[in-house]
Amino acid sequence: MRKTGLYVLLITGALGLTGCPAGGGGGGGGAAPTAPTAPTAPTAPAAQTAQTVTLKDFAIEPARIEVAHGKTPFTITNAGASDHNFTVTGVKGADSQTLKGGASQNLEITLDKPGTYETLCTVPGHADAGMKGQLVVK
């Protein structure tokens, strides 16, 4: 009889285990708990859209540029016959080189403060001849 008792105990224990949900301990069933995930790194702000500025004899196109505050890439192209440059008044480092006709320059300008800024060509007489515009920073 001892062997029969031992078999009954083993079979009862095996049946009892198959009816228990994973994780044991009474209560609701379901899937085993998942491991915590690692925190994700903060996402960087979206890159600014590059602005294309064309300098002509004697105009800046577009005459009005709107951007969000932050670092903004500019491509400045002199499509005129005369030498021209591009400056944003009141913004440090917002000056292109004086460009010969057909030349271009890439410039990244940091615009920290919202507001409206004047753009112009600082070659003597050019701003007075119409080479002015606006840069609106939101």
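A compact table of results
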| item | result |
| --- | --- |
| Segment 45-71 - residue that is assigned to a strand (DSSP E or B) and β-branched (Val, Ile, Thr) and, of those, surrounded by the fewest Cβ atoms within 10 Å (Cβ to Cβ) | Thr52 |
| Segment 75-103: number of residues that are of a type in the set (Ser, Thr, Tyr) and not in a strand (DSSP E or B) | 4 |
| Selection within segment 97-121 - within 13 Å of Gly133 (Cβ to Cβ) and surrounded by 13 or more Cβ atoms within 10 Å (Cβ to Cβ) | Tyr117, Glu118, Thr119, Leu120, Cys121 |
| Total residues in segment 72-96, condition surrounded by fewer than 13 Cβ atoms within 10 Å (Cβ to Cβ) and over 14 Å from Gln134 (Cα atoms) | 3 |
| The one condition in (1) touching an Asp or Glu at 6+ places or on another chain (Cβ under 7 Å); (2) modelled with pLDDT of 95 or more that His69 fails to fulfil | (2) |
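The values are calculated or read from the model by the stated rules, or taken from the named source; none is laboratory data. A quick note: this is a predicted structure, and the numbers were derived from the prediction, not measured. As a convention, Cβ positions derive from the backbone with ideal geometry for all residues, glycine included, and neighbour counts pool all protein chains shown.
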